[in-house]
Amino acid sequence: MGKIEHLGIAVKDLEASNNLYEKLLGTASYKMEEVKTENVITSFFKAGENKIELLAATDPESAIAKFIDKRGEGIHHVAFAVEDIKKELARLEKEGFTILNKEPKKGADNKLVAFLHPKGTNGVLVELCQEINE
C-alpha cells in the first residue's frame with residue numbers, strides 16, 4: 001500500500017459543505033464528479049499533498065445516504081493508493097480481510113477502486129485506489 005490517497009467525508013448538503021471546506025482550506029474544489037454507480041456526487045479538495053473527497057447522496061437508498069442516516073455526517077472512508085489493485089486485493093484476501101467488491105470498479109477522480117469491509121478494519125471502511133492509465 002502506498003500513501004493515503006484521500007479521506008472521504010459524507011455530507012448532506014454538497015453546496016454548503018463545499019463553501020465550508022473552501023473557507024477551511026483556503027482553496028476551491030478542484031473537481032466535482034457524479035459517480036452514478038454509487039449514487040453520489042463527489043467534490044475534491046487539495047490540502048497540501050493530501051486530498052479530501054466530499055460525498056453527497058443522489059438517492060436516499062445509496063450507501064452514503066444510509067451512512068448519514070445511521071451515523072451522521074463525517075469521515076466515511078480512508079483511501080490508500082496502490083500500484084496494482086488486483087494484486088493487493090489478492091494479498092489482503094489471503095490475510096483474511098473481507099473484500100466488498102472483488103472486482104475493482106471505476107470510481108471518481110480517474111481511479112479503479114475496491115473496498116474492505118469495516119468489520120475487519122476496526123470499523124473503518126478502507127478503499128483501495130489505482131490510477132487508471134489510459
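The values are calculated or read from the model by the stated rules, or taken from the named source; none is laboratory data. This structure is a prediction, so every number in the text was calculated from the model and none was measured. A quick note on method: Cβ atoms are made from the backbone with ideal geometry, for glycine too, and the neighbour counts reach across all protein chains shown. SASA here: full protein model, heavy atoms, side chains in, ligands and nucleic acids out. Shrake-Rupley method; radii C 1.70, N 1.55, O 1.52, S 1.80 Å.
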Quick numbers on segment 31-105, Rg and Dmax over C-alpha atoms in Å, give 14.4, 36
Expected unfolding gain across LEU100-VAL124 under the 0.36 nm per residue rule, minus the alpha-carbon gap, is 7.3 nm
Tilt, helix 14-25 to longest principal axis of the chain (alpha-carbon atoms), in degrees rounded to tens, equals 90
With all protein chains present, the chain has a carbon and sulfur share of its accessible area (1.4 Å probe) in percent of 51
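I'd like to check one number: the per residue accessible area of segment 13-66, probe 1.4 Å, reported in Å² as a whole number.
59
Using alpha-carbon pairs under 8 Å, 6+ residues apart, how would you state the relative contact order of the chain in percent?
Details: 266 pairs, mean separation 33.5, N = 134.
Normalised by residue count, the contact order of the chain is 25 percent.
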One computes Rg over Rh for segment 62-134 from alpha-carbon atoms, with the Kirkwood Rh, and obtains 0.98
Contact order relative to length for segment 1-71, counting C-alpha pairs under 8 Å separated by 6 or more residues, stands in percent at 34
Residue-normalised 222 nm signal for the chain, counting each DSSP H run of n ≥ 4 as -39,500 (n - 2.57), nearest 500 deg cm²/dmol, is -7000 deg cm²/dmol
Rounded to one decimal in nm, the spacing of the 7 Å Cα→Cβ label points at LEU24 and ASN133 is 3.4
Per residue convex hull volume, Cα only, segment 1-41, in Å³ is 105
Quick shape summary for segment 3-69, equivalent ellipsoid via Cα gyration tensor, semi-axes whole Å in descending order, reads 21, 13, 10
Here Rg/Rh (Cα, Kirkwood) for the chain equals 0.96
Given pairs LYS31/LYS86; LYS51/LYS106; LYS3/LYS102; LYS36/LYS106; LYS31/LYS106; LYS46/LYS111 and cut-off 20 Å on Cα-Cα distance, the over-length ones are LYS31/LYS86; LYS3/LYS102
